[in-house]
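To start, the structure under review is shown below, and the notes come after it.
The values are calculated or read from the model by the stated rules, or taken from the named source; none is laboratory data. This one's a predicted model, so the numbers in the text were calculated from it and none came from an experiment. Using ideal geometry, Cβ is built from the backbone for each residue, glycine included, and neighbour counts are taken over all protein chains shown. With ligands, DNA and RNA removed, areas are computed over all heavy atoms of the protein, side chains included. Shrake-Rupley method; radii C 1.70, N 1.55, O 1.52, S 1.80 Å.
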Amino acid sequence: MVKERIEALRRDLERHNYRYYVENNPEISDFEFDRLMRELQDLEKAHPEFDDPNSPTRRVGSDLTSEFQTVRHRFPMLSLGNTYSLDELREFIARIEREEGEVEYVCELKFDGTAISLTYRNGMLERAVTRGDGEQGDDVTANVRTIRTVPLQLQGTDWPSLFEIRGEVLMPYASFDKINREREEMGEQPFANPRNAAAGTLKQQASSVVARRGLDCTLYQLAGEEVQEWSHQESLNAARRWGFKVSEYARLCCSWEDIVQFITEWDERRATLPFPTDGVVIKVNDAAVRRRLGFTAKAPKWAVAYKFKAEQALTRLNEITFQVGRTGAITPVANLEPVQLAGTTVKRATLHNAEQIAQLDIREGDMVYVEKGGEIIPKITGVELKERKADSEPFHYIEVCPECGTPLVRYEGEAKHYCPNQSGCRVQIIGRILHFIRRKAMDIEGLGEETVELLHANGLVHNIADLYDLQALQLAPLPRLGEKSAENIIRSIRHSKQVPFQRVLFGLGIRFVGETTARQLADHFHSLDRLRAASREELLETEEVGEKIADSILEYFADAENLKILERLNHAGLCFEAEQRQRVSESLAGKSFVVSGKFSISRDELKQLIETHGGRNVAAVSGSVDYLVAGEKMGPEKRKKAEKLGVKMLSEEEFMALIADTPTNDHAKQMELRQENHMNEVAPIQGTLF
Ligand code: IVH
């Protein structure tokens with residue numbers, strides 16, 4: 001009885017949800033909806049035995065934080081060829097028609113969000129995975145469940161018992177503006193664009209936060225062995241029948257003229273859409289034609305994206321101001337008369353550096369063209385000279401730091417000016433501390449920008465090491481703090497001593513050492529001592545470390561002030577050593593390997609295998625390397641070099657045979673290791689990919 005009621009409520013709420021969010025056409029009032037929801041919540045609470053992760057009550061998300069599991073896609077998530085030119089598009093169509101004669105196309109909008117793959121089993125959402133690198137992505141199911149337009153249970157009955165559906169998670173402009181307003185108010189960095197906001201939100205740890213962010217999801221592709229060989233239009237219709245949100249703007253086009261018409265129309269109209277788009281995707285409609293055309297290694301040959309040129313706006317440049325970053329880098333900022341551009345209001349744009357200002361002869365008071373590229377903050381692309389006032393004067397770049405008055409310097413090969421007063425310039429000091437306490441670095445909570453400024457103003461912190469000398473008694477009397485927050489801050493600082501080495505390294509804020517580089521350096525050198533002792537050549541051996549990064553690291557360790565700070569951090573008990581990966585065997589001890597090309601497992605996994613068997617990974621082939629593990633599509637240069645230097649080459653199978661001989665290398669151990677590394681692989685199923 002109760003079970004039936006629960007099931008009926010779930011079904012009804014899902015249907016109302018669909019009518020409200022997908023169809024925009026509710027049957028019942030919000031009040032009635034809330035009443036049904038409350039009834040379901042109460043019943044579920046009283047009867048936990050009928051729990052179901054796909055219940056509509058779960059759409060509000062939870063505060064449990066989730067570590068995302070890496071999952072291998074059953075079918076790789078490919079990318080799309082793209083072009084900005086109608087001539088190239090014409091060529092693409094002509095090539096298809098040379099092989100296939102006249103064919104039908106479906107033109108769709110290219111949604112500017114982040115790709116997602118949803119798996120449904122027996123009509124229920126089972127899993128949602130991000131694109132990742134196309135081979136494997138993150139399992140973000142808990143977060144995707146909160147997106148109201150994603151059905152948790154499908155409608156109808158003619159869906160395959162197991163299939164995937166792919167599409168795009170989007171952030172509508174309205175949600176984007178709201179979130180960024182909130183972020184700015186809280187002193188957080190706003191998202192650069194709705195795409196980053198959507199991707200960032202999906203990777204949020206607490207799904208309750210995701211639930212409040214107003215994400216949307218539009219789907220456009222079916223995959224699975226039981227999926228019928230439908231035309232693209234038929235698949236879209238089926239998906240719509242099953243309750244998915246499918247773009248209402250897809251159109252069947254039977255000629256080149258139709259395609260151009262669709263593109264021209266949407267290049268104008270997209271400005272009126274409530275969500276971001278960056279082009280049109282043209283897909284062959286017929287399944288048999290698609291099958292014959294097939295794929296390249298990266299993308300289908302039956303589809304292509306035509307990308308719109310970035311939107312431009314003309315507005316007045318009121319003033320040029322300057323920001324000082326934590327590394328002392330000076331960034332000129334254009335303060336603009338607010339203008340609508342690609343769905344959002346633009347008030348500021350970056351001017352990059354002095355040279356750019358001089359080259360474009362940008363002056364305060366000019367009318368300037370502002371453009372939003374694929375990425376980030378808008379930029380100024382030109383000046384409308386016709387509108388320039390007669391009395392306008394060339395802009396003079398600043399010569400001293402706007403914060404501390406120190407004369408600016410320029411480093412060789414660098415376009416930016418820098419304030420060299422690292423330990424005395426207030427903004428740099430605060431910037432470095434804020435960077436250090438970031439979530440991705442030491443994750444110290446309770447210390448926002450204002451509090452750090454307060455601590456600095458009261459003479460309590462001058463550098464990151466000072467944080468570890470703070471005491472609750474010193475903090476409590478400060479304005480807006482009090483005993484409780486003071487204690488929380490101190491606890492969080494103490495907690496940060498557990499943060500692993502790679503994040504400490506990132507937190508130090510060495511110029512050009514971002515999160516990835518820090519991880520690679522930690523993997524390569526294992527400890528701060530070894531990193532500090534590394535020569536330029538040794539640094540350059542690290543993956544993705546080029547001359548710029550190597551020099552910056554050397555410069556960092558050459559500074560006595562930095563060494564003093566490191567000494568104090570070490571003394572405070574921060575993690576200055578990487579955790580050793582668990583060894584499975586010593587069969588590769590003393591041997592060094594270069595891994596290159598594509599393998600049946602990812603390159604990182606292969607490298608991990610090398611390390612867990614005692615071997616060492618190096619980036620480049622040299623005379624001292626023992627083996628080159630050569631995968632598919634390995635660069636010919638590497639092969640030539642290895643042949644010349646007599647480095648032994650191994651295929652993937654030969655490498656596996658090398659480690660398979662070791663007595664400790666039993667299957668169970670391998671599996672254990674995989675689990676530890678959060679690898680969760682699903683056996684691929686064969687099937688059609690539309
Ligand atoms: S079809 C085999 N259709 O664009 C790949 N993709 O640049 C099939 N995208 O990764 C993709 N809107 O994330 C397709 N209507 C649309 C799309 C679309 C946006 C994204 C998708 C893909 C990327 C490729």
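Please specify each residue of region 235-252 satisfying the condition of being away from the ligand (no atom under 14 Å from the Cβ) and either open to solvent by less than 50 Å² (accessible area, probe 1.4 Å) or closer than 15 Å to Leu154 by Cα (or both).
The answer is Asn237, Ala238, Arg240, Arg241, Trp242, Gly243.
Return the pairs, sorted by first residue and then second, in which the second residue is among the aromatic types (Phe, Trp, Tyr) and more than 9 Å from the ligand (Cβ to nearest atom), the first residue lies in region 294-318 and is touching a residue at least 24 places away in the same chain (Cβ under 8 Å) and farther than 25 Å from Glu104 by Cβ, the beta carbons are less than 8 Å apart, and the residues are 6+ apart or on different chains.
Lys309/Tyr84; Gln312/Tyr369; Ala313/Tyr369; Leu314/Tyr369
Quick check on my filter: what residues within region 81-96 are in contact with a Gly (Cβ under 8 Å, 6 or more places away or on another chain) and away from the ligand (no atom under 13 Å from the Cβ)?
Once the filter is applied, which keeps residues that are in contact with a Gly (Cβ under 8 Å, 6 or more places away or on another chain) and away from the ligand (no atom under 13 Å from the Cβ), region 81-96 yields only Phe92.
Could you list, ordered by first residue, the pairs with Cβ atoms under 9 Å in which the first is in region 49-60 and assigned to a helix (DSSP H, G or I) and the second is open to solvent by 60 Å² or more (accessible area, probe 1.4 Å) and modelled with pLDDT of 85 or more, at least 6 apart or interchain?
Within 9 Å, the pairs are Glu49/Lys3; Phe50/Lys3; Phe50/Glu7; Thr57/Gln41; Val60/Arg212.
Would you call Arg270 assigned to a helix (DSSP H, G or I) and open to solvent by 60 Å² or more (accessible area, probe 1.4 Å)?
The answer is no for Arg270.
Please determine, by comparing only the residues of region 56-80 that are of a type outside the set (S, T, N, Q) and open to solvent by less than 30 Å² (accessible area, probe 1.4 Å), which one is modelled with the lowest pLDDT.
Gly61
Name the helices (runs of 4 or more DSSP H) wholly inside region 532-605 in which the number of residues that are basic (Lys, Arg) is 2 or more.
So the answer is 560-572.
Search region 1-27 for residues that are free of Cβ contacts under 8 Å to residues at least 40 places away in the same chain and pair each with any residue that is among the aromatic types (Phe, Trp, Tyr) and open to solvent by 90 Å² or more (accessible area, probe 1.4 Å) when their beta-carbon atoms are under 8 Å apart and the residues are at least 6 apart or on different chains.
From region 1-27, the pairs are Pro26/Tyr20.
Quick grid of which residues meet (1) over 27 Å from Glu234 (Cβ atoms); (2) among the charged types (D, E, K, R); (3) touching a strand residue (DSSP E or B) at 6+ places or on another chain (Cβ under 9 Å):
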| residue | (1), (2), (3) |
| --- | --- |
| Cys107 | no, no, yes |
| Met124 | no, no, yes |
| Gly156 | no, no, no |
| Pro160 | no, no, yes |
| Asp177 | yes, yes, yes |
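Is there any pair with a first residue in region 208-227 that is in contact (Cβ under 8 Å) with a residue 12 or more places away in the chain and within 23 Å of Leu109 (Cα to Cα) and a second that is within 16 Å of the ligand (Cβ to nearest atom) and acidic (Asp, Glu) whose Cβ atoms are under 6 Å apart and which are 6 or more apart or on different chains, and what are they?
Going by the 6 Å Cβ cut-off, the qualifying pairs are Thr218/Glu168; Ala223/Glu164.
When you check Arg90 against the structure, is it surrounded by fewer than 16 Cβ atoms within 10 Å (Cβ to Cβ), in a helix (DSSP H, G or I) and in contact (Cβ under 8 Å) with a residue 60 or more places away in the chain, yes or no?
Yes.
Taking the condition under 24 Å from Phe163 (Cα atoms) and within 16 Å of the ligand (Cβ to nearest atom), does Leu78 pass?
Yes, satisfied.
Look at region 16-44 and say how many of its residues are open to solvent by 70 Å² or more (accessible area, probe 1.4 Å) and at pLDDT below 90.
Going through region 16-44 one residue at a time, the tally reaches 11.
Condition first: open to solvent by 30 Å² or more (accessible area, probe 1.4 Å) and at pLDDT below 95. Now tell me which residues in region 302-320 satisfy that.
Lys307, Lys309, Ala310, Glu311, Gln312, Leu314, listed by residue number.
Residue pairs, Cβ under 9 Å, 6 or more apart or interchain, first in region 135-151 and touching a residue at least 40 places away in the same chain (Cβ under 8 Å), second open to solvent by less than 10 Å² (accessible area, probe 1.4 Å) and among the basic types (Lys, Arg). List them.
What qualifies is Arg145/Arg59; Thr146/Arg59; Ile147/Arg59; Arg148/Arg59.
Evaluate region 218-240: report whether one residue or more is among the basic types (Lys, Arg) and over 24 Å from Pro172 (Cα atoms).
No, every residue in region 218-240 fails to be among the basic types (Lys, Arg) and over 24 Å from Pro172 (Cα atoms).
Name the one entry in Ser592, Ser585, Ser535 that is in contact (Cβ under 8 Å) with a residue 40 or more places away in the chain and polar (S, T, N, Q).
The match here is Ser585.
Which condition number in (1) away from the ligand (no atom under 16 Å from the Cβ); (2) open to solvent by 10 Å² or more (accessible area, probe 1.4 Å); (3) at pLDDT 90 or above is the one that Gly328 fails?
Condition not satisfied by Gly328: (2).
From Val461, Val452, Val513, which residue is under 24 Å from the mean Cα position of the chain (by Cα) and either under 21 Å from Leu569 (Cα atoms) or hydrophobic (A, V, I, L, M, F, W, C) (or both)?
Only one candidate passes the filter, namely Val513.
Out of (1) within 14 Å of the ligand (Cβ to nearest atom); (2) open to solvent by 50 Å² or more (accessible area, probe 1.4 Å); (3) not hydrophobic (A, V, I, L, M, F, W, C), the odd one out for His232 is which?
Result: His232 passes all but (2).
Those residues that are outside any strand (DSSP E or B) and closer than 30 Å to Thr272 by Cβ, I need them from region 93-112; list them, please.
Ile93, Glu104, Asp112
Considering only region 113-218, give the helices (runs of 4 or more DSSP H) lying wholly within it that have at least 2 residues that are away from the ligand (no atom under 16 Å from the Cβ) and open to solvent by 50 Å² or more (accessible area, probe 1.4 Å).
So the answer is 173-185.
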